[in-house]
Amino acid sequence: MKNFKKVALIGSVFGTVFLLVLVGVYFSKIEKSPYQVGDFVHLTYQWGNRSPLENSYQSAGEGNYRYLDRRDSLLQLSLKLRPNDRIYLHQKLSELGFWRLPDTVGKPMGEGQMKYELEVNYRQRTKRLVIFEGSGAAPLLIDSAMRVNQLVRAVIDAAHQRYSK
């Protein structure tokens with residue numbers, strides 16, 4: 001019985017130390033944003049494969065959202081991001097390393113290439129990211145930039161679903 005208590009005590013000590021190390025590593029990996037969410041002013045996002053980019057969303061003012069539907073008809077509507085959306089977007093952009101990405105990812109290869117432009121405005125600074133899809137950039141860099149792109153698209157699509165009900 002004494003051996004069992006010793007083994008249980010040693011096991012619980014090692015388990016606790018292991019969990020503390022895991023939590024410490026997790027929190028050290030999370031990068032804080034250089035700005036606070038209260039300083040977030042607005043977001044501008046454009047995408048398309050033609051020049052000028054035909055699809056866009058601007059969170060400033062009325063939240064103008066323009067996009068081409070499946071029949072190439074330009075639809076315009078107004079949708080605003082909720083405060084929760086702004087907080088989520090702010091935190092996830094920091095988590096995905098948005099502030100460490102270069103201003104341009106990929107290279108333009110001509111007409112028909114998808115292009116994404118994201119501009120995030122805070123009171124102190126504006127960060128602009130341009131992504132050219134299908135170019136020969138570093139795979140990890142393209143992957144990080146496309147994760148940022150997918151995040152912004154998901155937030156805008158969720159707001160569109162809320163407003164279209």
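Quick notes
- Note on residue 14 and residue 73: the extension gain reaches 15.0 nm, defined as 0.36 nm multiplied by sequence separation minus the Cα-Cα distance.
- Extension gain for the segment residue 135 to residue 87, taken as residue separation times 0.36 nm less the Cα-Cα distance, is 14.1 nm to one decimal.
- Largest mean-square fluctuation among 43, 68, 129, in a Gaussian network model of the chain whose springs join Cα atoms under 10 Å apart, belongs to 68.
- Taking 19, 77, 101 as the candidate residues, the one with maximal mean-square fluctuation in a Gaussian network model of the chain, Cα springs under 10 Å, is 19.
- Distances between placed amide hydrogens fall under 5 Å for residue 104 paired with 130, all partners being 5 or more residues away or on another chain.
- Two-decimal Rg to Rh for the range 60-165 - Kirkwood Rh, Cα set: 0.98
- Rel. contact order, % - alpha carbon contacts under 8 angstrom, at least six apart, the chain: 22
- Dipole magnitude for the chain: about 800 debye, using +1 per Lys or Arg Cβ and -1 per Asp or Glu Cβ, origin at the Cα centre.
Every number here is computed from the coordinates shown, using simple stated rules; none is lab data. Computed from a predicted model, the values in this text were never measured in an experiment. Glycine gets a Cβ as well: all are built from the backbone with ideal geometry, and neighbour counts include every protein chain shown.
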